[in-house]
Amino acid sequence: MKIYLTKQQGSGIKGYTEVLYPFYQQDSSVESRLTGLYNISNNESEFIIANEILDDFPLNQIGDLVKTLLDKLRLKGTIVVGGTDVRLFCKAVVNSSIGEPEASEVIKNKQSMTNVNDVSKLLQSFGLSIQTTQIIGARYEITAVRV
């Protein structure tokens, strides 16, 4: 089974089970926002794409979020997570690569911003092997394998 986590219904990828999560819920747990994962058995997924999910959860929930996703990932399975690197975002604003109106819009639509190094370390702390890290502008994606 392959899983694609998204906040927009119908934006799924062919061949992947689409799991919707609400963009924002005040004071809600990871579990309450990822109820679509309850129908999937632990260790069932061979591939999980959650390449935009990290920005949609508060920083204090990122560890729980990753653990919840990894519960569904089988051994030797691959996961892709991503978000906005706060350091690169701030640098782009300071260097005027991103204007203030665009930056304000980006900030309005995020619950948090992480950084690629901290997320890589978090994934490794859960026993994953980092395969690739891609950075495009201020966005990043990390592909890791559960070993």
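From the list PHE89, PHE126, exactly one residue is of a type outside the set (S, T, N, Q), closer than 20 Å to GLU31 by Cβ and in contact (Cβ under 8 Å) with a residue 12 or more places away in the chain. Which is it?
PHE126
Please work out which residue is nearest to ASP55 (Cα to Cα), limiting yourself to the range 107-147 and to residues that are in a loop (DSSP other than H, G, I, E, B) and among the aliphatic types (A, V, I, L, M).
By that ranking, first place goes to MET113.
Considering each of SER120, SER112, SER96 in turn, give the residue that is among the hydroxyl-bearing types (Ser, Thr, Tyr), more than 18 Å from VAL19 (Cβ to Cβ) and in contact with a helix residue (DSSP H, G or I) (Cβ under 9 Å, 6 or more places away or on another chain).
Going through SER120, SER112, SER96 in turn, just one is among the hydroxyl-bearing types (Ser, Thr, Tyr), more than 18 Å from VAL19 (Cβ to Cβ) and in contact with a helix residue (DSSP H, G or I) (Cβ under 9 Å, 6 or more places away or on another chain): SER112.
Please determine, by comparing only the residues of the range 50-84 that are hydrophobic (A, V, I, L, M, F, W, C) and touching a Lys or Arg at 6+ places or on another chain (Cβ under 8 Å), which one is nearest to TYR140 (Cα to Cα).
That would be ILE79.
When you look at GLY63, is it assigned to a strand (DSSP E or B) and at pLDDT 95 or above, yes or no?
In short, no.
What is the number of the single condition among (1) surrounded by 15 or more Cβ atoms within 10 Å (Cβ to Cβ); (2) among the acidic types (Asp, Glu); (3) farther than 30 Å from SER129 by Cβ that GLU18 does not meet?
(3)
Looking at the range 68-106, which of the residues that are among the charged types (D, E, K, R) and not in a helix (DSSP H, G or I) is nearest to the chain's Cα centre (by Cα)?
ASP85
For the range 55-67, enumerate the residues that are in contact (Cβ under 8 Å) with a residue 60 or more places away in the chain and more than 12 Å from ILE79 (Cβ to Cβ).
Once the filter is applied, which keeps residues that are in contact (Cβ under 8 Å) with a residue 60 or more places away in the chain and more than 12 Å from ILE79 (Cβ to Cβ), the range 55-67 yields only ILE62.
Let me confirm something: among ASN51, ASN39, which residue is surrounded by fewer than 14 Cβ atoms within 10 Å (Cβ to Cβ) and of a type outside the set (Lys, Arg)?
Of ASN51, ASN39, the one residue that is surrounded by fewer than 14 Cβ atoms within 10 Å (Cβ to Cβ) and of a type outside the set (Lys, Arg) is ASN39.
Quick check: is even one residue across the range 109-122 surrounded by fewer than 13 Cβ atoms within 10 Å (Cβ to Cβ), of a type in the set (A, V, I, L, M, F, W, C) and either under 19 Å from VAL66 (Cβ atoms) or modelled with pLDDT of 95 or more (or both)?
The answer is no; no qualifying residue exists.
The values are calculated or read from the model by the stated rules, or taken from the named source; none is laboratory data. Note that the structure is predicted; figures quoted are calculated from it, not measured. Here the Cβ is made from the backbone with ideal geometry for all residues, glycine too, and neighbour counts use every protein chain on show.
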